[in-house]
Structures are given as C-alpha cells and as structure tokens.
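For reference, the structure is listed below as structure tokens.
Computed from the coordinates by the stated procedures, all read-outs in this text should not be read as laboratory data. Computed from a predicted structure; not experimentally measured. Glycine gets a Cβ as well: all are built from the backbone with ideal geometry, and neighbour counts include every protein chain shown.
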Amino acid sequence: MSEARLPLILEPDELERHLGEDDLLVVDLSKDETYQRMHIPGAVHLEYSSIVHAEPPRLGLLPDDERLREVLSDAGIGPNTHVVAYDDEGGGRAGRLLWTLEVAGHTRFSLLNGGLHAWANEGHSLSDAPVRPSAAEFTVRHTDEPVADRAYVLEHLYDSGVVVLDARSPQEFQGVDVRAQRGGHIPNAVNVDWTNAMDPNRNMRLKSEADLRALYESRGITPDKTVVTHCQTHHRSAHTYIVLKALGYSKVKGYPGSWSDWGNVTDVPVEP
C-alpha cells in the first residue's frame, strides 16, 4: 500500500499547486446543483448516495465490496490515485468518502480544509464544466480495522479503553430531537457536536491543532484510547473520524449506520 504524498488535511493553496498532476484526483461530493454551478477545475462529481447503503430504517451502511469496486472505479480511482475530497457542507460527505476508501484498503487521500467554502471564498479558480472520470480499476482490499458495528460497541460499553464519541447535536444526544424509534444516546458516550471542530470565521476550516486537542481531551477523548465515532448515519461522524486521524489518534473506528442502527432496535441500552 503506497503512502500518501500529500497531507491528510490539505490547504487550498497547496492543492492549487498540484492541480492537473498525474495520479491526483479531486472528488466533489457537493450537491449536484452546486457542482453544476461551480466546482474546482478538473474535479469529478460523486453522488453521496453511491457510497452508502440503506436498509431502512438503517441508513448510512457500507455497500458491499463489489458495489464499492464499481463506484470507485467509475469515479476514476485507481490503486495509485491520490484522492482529494471536498463538499459544500463542511466536510461530512467528503470525510465519509475518505473513511470508505480506508475500509477499502486505500489510504492515499486528503480532505480539503474548508472544502468549497474556503476554495471559492478565497479567490481560487472555479469551473462549471462537467468532468468525465477517466477509466480506472479499483481493487478493494477490505479491512474492518476502521469499522465498529453494533456488536463491537455492545462488547465495549464499559471498557475504559474505549470511548464512544457521539458527533450529533446536543438535542439529539439528549433525546429531545428524536430521529429513530428511540431517542437518547449510547451509555457512556461523550457528545462533541461535529461542527465544534470547525472555524466559521476561517471558511469552515478546522480549528487549530491546539484547540482541537483541548476540545477532545477535555472530554476524556485521548489518543491512548480506541475512539468510536458515530452520529445518525456516520456522515457527520466521518468528518470527526478524519479530524482525529489528523491529530494522530491511531485507534479510531467509525460506526456505519450509527444511531439509525442503534436507535431502531430494542435490545440495546439507551440513556436519555
């Protein structure tokens, strides 16, 4: 497995210097209407729905390996492709793509810091010309290392070395905003809303490393622990997953399905 040649968190200025290089693919996960209006020159558009699987009421599940192979190949991602992902909503969709790539055994990727907000608001070039992906053959080398399922979370509910990080809003966490059969949160989970990692005054970039470390470590989310990130479907929490990886957390897992999986069954514990 080749090492990434660009940092995990990539600044717009640095990306602009590399645009057009061989084996670099910029992937836009913005809304379709946004992409049609403006996107980074050369960026291919990937529908978010193509990288998730639904079994209602369980949403945000992982597609099977064959589906992933098809989708990632069609997007133009090959074994040596360095993927730079961005979106128009703060990085949740882009983060989910990068987490999915890691599950598929591909680690050559970066998250564009600030996404389309930073790129467009800081004078970088934009295009409205659709881009057809080049042919590629993606090989899935599936690994469950980045994945935590319901059984894993149940097994580690009271494990002091594992912390469940709930990236939903405080209202969802407290069971006021109910988006499944049951409201509330997983016992012992720690709530850090995913948007707390972003700086709206810097075009939705991540906050400074010092501020991010303080944000998580003050809640007991420390690098020595295994951290399981989840939200409603592992969309917002995929962004949190990437943030923690960028901070050097080596034992991070994402929970596909997240609360739509946990909150829609009755044989697991829930706290209000």
- Message: Expected output is a single nm value to one decimal: the length gained when fully extending between residue 266 and residue 18, i.e. 0.36 nm times separation in residues minus the C-alpha distance. What is it?
- Response: 84.3 nm
- Take every DSSP beta bridge whose two residues both sit in the stretch 150-262, then give the antiparallel share in percent to the nearest 5. 15 percent
- Query: Looking at the stretch 1-50, which trypsin sites (Lys or Arg not before Pro) are DSSP coil and have at most 13 other C-beta atoms within 10 Å of their C-beta?
  - Reply: 5
- Item | Selection from 262, 105, 116, by position along the positive dipole direction of the chain (Cβ) | 262
- Once phi is turned into ³J(HN,Hα) by the Karplus curve 6.51 cos²θ - 1.76 cosθ + 1.60 with θ = phi - 60°, what whole-Hz value does each residue of the stretch 70-82 show in order, with x for glycine and proline? 5, 5, 6, 5, 4, 6, x, 9, x, x, 9, 6, 9
- Message: What three numbers, in Å, describe the spread of the alpha carbons of the stretch 64-199 along their principal axes, ordered from the longest?
- Response: 47, 37, 28
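To the nearest 20 debye, what is the magnitude of the charge dipole of the stretch 9-121 about its Cα centre, counting +1 on the Cβ of each Lys and Arg and -1 on the Cβ of each Asp and Glu?
For the stretch 9-121, the charge dipole is close to 220 debye.
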- Task: Would you mind checking which residues have amide H under 5 Å from residue 47's amide H? H placed 1.01 Å from N; only 5 or more apart, or other chain.
- Result: none
- Percent antiparallel among DSSP beta bridges confined to the stretch 1-101, rounded to 5, stands at 20 percent
- Net dipole in debye of the chain [+1 Lys, Arg Cβ; -1 Asp, Glu Cβ; about Cα centre; nearest 20]: 440 debye
- The helix 92-103 Cα axis meets the longest alpha-carbon principal axis of the chain at an angle in degrees, between 0 and 90 and rounded to 10, of 90 degrees
- Note, ³J(HN,Hα) from phi for the stretch 31-45, Karplus 6.51, -1.76, 1.60, rounded to Hz, x at Gly and Pro: 4, 4, 5, 5, 4, 5, 7, 6, 7, 5, x, x, 6, 8, 9
- Expected max-MSF residue from 92, 42, 161 in the GNM of the chain (alpha carbon, under 10 Å) is 161
- Given charges at Cβ of Lys, Arg, Asp, Glu: the stretch 100-190 dipole, positive-most of 173, 129, 163: 129
- Note on the structure: Reduced to Cα centres, the span from the stretch 110-148 to the stretch 179-207 in Å works out to 22 Å
- Item | Ellipticity estimate at 222 nm from DSSP helix runs (n ≥ 4, -39,500 (n - 2.57)) divided over the chain, nearest 500 | -7500 deg cm²/dmol
- Count the DSSP beta bridges whose two residues both fall in the chain, then state the antiparallel fraction as a percent rounded to the nearest 5. 20 percent
- Message: Compute the orientation-averaged projected area for the stretch 150-262 from the convex hull of its Cα atoms and round it to one decimal in nm².
- Response: 6.7 nm²
